[in-house]
Amino acid sequence: MKKITIAIDGHSSCGKSTMAKDLAREVGYIYIDSGAMYRCCTLFAMEQGLVNADGTIQADVLERRMQEIQVSFRLNPETGRPDAYLNGKNVEKLIRTMEVSSHVSPVAALPFVRAAMTAQQQAMGREGGIVMDGRDIGTAVFPDAELKIFVTASDEIRAQRRYDELVAKGETCDFQQILENLRERDHIDSTRSVAPLRQAEDALVLDNSHMTIPEQKQWLLERFKERTLSPASPLQGKE
Ligand code: CDP
């Protein structure tokens, strides 16, 4: 059976990664978290002192040093999921902090950062058999993906999910701060000039505000089967 390319885009903290990881595991595809790649660039900028106290980025220096950023993923046998590595170091935990979250969208809006990450993502997906989640996968990275999903949920529900996730990891966090961060990131992500967050015309929309994880997994698996079992069938229309 031909391996297809699956693009899952959507707003911050709407459960894209959970869906994408589960589907990839279920069908034996590679999963790539493109957001982790932008988070790695952000961590690099922070560690190298390229984020100023007012939150602005020293973009000219970062641009010159982009080739020093090598992002890769390796399966973590304990979690069964891929961890992100920045220049050979496991940074999976470090890139998920609120500090990285608060700087990532301005970094991800820089055209040279996007060009570098998009090229790496396209190289990873050359053979198909990949599930990638992010903001611009169905529009800019893989515009020809056979299955495109655009996921959304209300912002309060998304903030609550992110809050629960951080608390489960033992981090202290503030609900209001999380809500503001995700609203701000949605705004920057949707209004930037290069590859803004938007729904691809041929994407299926999933509002999972009131869906459980098993329900959304099932929904996605059905869409996958439709595309792989009858690849020539036309789109079923937006959902
Ligand atoms: O998991 P969460 O929804 O918080 O975000 P993420 O997927 O880890 O992505 C972090 C940030 O990277 C987003 O807010 C975007 O600013 C940026 N990003 C992007 O610009 N393009 C992508 N394809 C993926 C992420």
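The values are calculated or read from the model by the stated rules, or taken from the named source; none is laboratory data. Values in this document were obtained by computation on a predicted structure and should not be read as measured data. For neighbour counting, all protein chains shown are included, and Cβ atoms are generated from backbone atoms with ideal geometry for every residue, glycine included. The area values use the complete protein model at the heavy-atom level, side chains included, leaving out ligands, DNA and RNA. Shrake-Rupley method; radii C 1.70, N 1.55, O 1.52, S 1.80 Å.
Numerical summary
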{"quantity": "Unmet requirement for Met124, which otherwise passes all of (1) more than 13 Å from the ligand (Cβ to nearest atom); (2) at pLDDT below 95; (3) out of contact with any helix residue (DSSP H, G or I) (no Cβ under 9 Å at 6 or more places or on another chain)", "calculated": "(1)"}
{"quantity": "Filtered residue count, the stretch 77-101, keeping only those that are assigned to a strand (DSSP E or B) and within 13 Å of the ligand (Cβ to nearest atom)", "calculated": "1"}
{"quantity": "Number of the condition not met by Gln67 [criteria: (1) part of a strand (DSSP E or B); (2) open to solvent by 30 Å² or more (accessible area, probe 1.4 Å)]", "calculated": "(1)"}
{"quantity": "Boolean, Arg74 is more than 10 Å from the ligand (Cβ to nearest atom), open to solvent by 20 Å² or more (accessible area, probe 1.4 Å), touching a Phe, Trp or Tyr at 6+ places or on another chain (Cβ under 8 Å) and not in a helix (DSSP H, G or I)", "calculated": "yes"}
{"quantity": "Helices (runs of 4 or more DSSP H) contained entirely in the stretch 102-194, each with at least 3 residues that are under 15 Å from the mean Cα position of the chain (by Cα) and not acidic (Asp, Glu)", "calculated": "111-124, 175-191"}
{"quantity": "Neighbours by Cβ (under 6 Å, 6+ apart or cross-chain): first from the stretch 131-145, open to solvent by 10 Å² or more (accessible area, probe 1.4 Å); second within 8 Å of the ligand (Cβ to nearest atom) and outside any strand (DSSP E or B)", "calculated": "Arg135/Asp189; Arg135/Leu197; Ala140/Ala195"}
{"quantity": "Residue check for Arg227: in contact (Cβ under 8 Å) with a residue 24 or more places away in the chain and open to solvent by 50 Å² or more (accessible area, probe 1.4 Å)", "calculated": "no"}
{"quantity": "Unique residue being closer than 16 Å to Arg96 by Cα and within 12 Å of the ligand (Cβ to nearest atom) when the list is Ile137, Ile178", "calculated": "Ile178"}
{"quantity": "Filter result for Met19 (buried (at least 17 other Cβ atoms within 10 Å of the Cβ), in a helix (DSSP H, G or I) and modelled with pLDDT under 95)", "calculated": "yes"}
{"quantity": "Within the stretch 172-185, considering residues that are of a type outside the set (Phe, Trp, Tyr) and free of Cβ contacts under 8 Å to residues at least 60 places away in the same chain, the one least open to solvent (accessible area, probe 1.4 Å)", "calculated": "Leu179"}
